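To start, the structure itself, in structure tokens.
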Amino acid sequence: MNKAKRAAVIAGNWKMNMTPSQTTAFMNELAPKVAGLDGCKVVLCVPYVDIATAVEAAKGTNIKIGAENVHFAEKGAYTGEISASMLLEYGVEYVIIGHSERRQYFGETDETVNLRTKAALEAGLKVILCLGEVKEQRLAGITNEVVSMQTKLDLAGVDTEALKNVIVAYEPVWAIGTGVTATAEQADEGNGFVRAAVAEAYGAEAAE
């Protein structure tokens, strides 16, 4: 990876795990292990109830805190949802959007992913945008088409400057929780498809 053009990031998504008290204990154990880590950002994306605790525990460390989802509206009758401004006031810097589990279990589409992405970026959050193909698409040999389409649809209307605050996380859905591991070559191939789609939409410099 060309670190002159792209920052290395290790981001952990907790999913529906950890209470606030467990969060504090985990953060206290993790912080000294990643202290002074050079050339790599460390991000923990935690459940909503853990955000305040995680932000407090991360003070004085090199760990950044993110959320696992965000709504596209600033406010309104969206019971159970959280807006970008709410996350910002808590001290959140990053947010995951489009995770495969959100797409699979909660009806997330490329359209809603795009709306959430634009809302998060406009509010000043950094976006970790997840996309990737399912097993049937991989076996059908259409990974390139699927990943390219997702990249273009999910980033539609995002300008080149805002793109600097987007991390595209290629996640082959068929390798998540299935016991099947994507090879380094397959991951690199998927990233290449993403980068080619970005180059087509934004130019080679943005893709790099």
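The values are calculated or read from the model by the stated rules, or taken from the named source; none is laboratory data. In this text, all values refer to a predicted model and were calculated from it rather than measured experimentally. Just the protein is used for accessible areas: all its heavy atoms, side chains included, with ligands, DNA and RNA removed. Shrake-Rupley method; radii C 1.70, N 1.55, O 1.52, S 1.80 Å.
Report the residue count in segment 21-47 for those that are open to solvent by less than 50 Å² (accessible area, probe 1.4 Å) and either in a strand (DSSP E or B) or not β-branched (Val, Ile, Thr) (or both). Residues meeting the conditions: 11. Applying the criterion of being polar (S, T, N, Q) and over 20 Å from the mean Cα position of the chain (by Cα) to the residues of segment 3-22, the residue that is nearest to VAL49 (Cα to Cα) is THR19.
Listed here are the residues, each with its yes/no results for (1) over 21 Å from the mean Cα position of the chain (by Cα); (2) modelled with pLDDT under 95; (3) under 21 Å from GLY132 (Cα atoms).
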site: ASP38; (1), (2), (3): yes, yes, no
site: PRO47; (1), (2), (3): no, no, no
site: ILE51; (1), (2), (3): no, no, no
site: ALA58; (1), (2), (3): no, no, no
site: VAL70; (1), (2), (3): no, no, yes
site: HIS99; (1), (2), (3): no, no, yes
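Looking only at residues in segment 53-68 that are of a type in the set (Gly, Ala, Ser) and open to solvent by less than 50 Å² (accessible area, probe 1.4 Å), the one that is nearest to THR23 (Cα to Cα) is ALA54.
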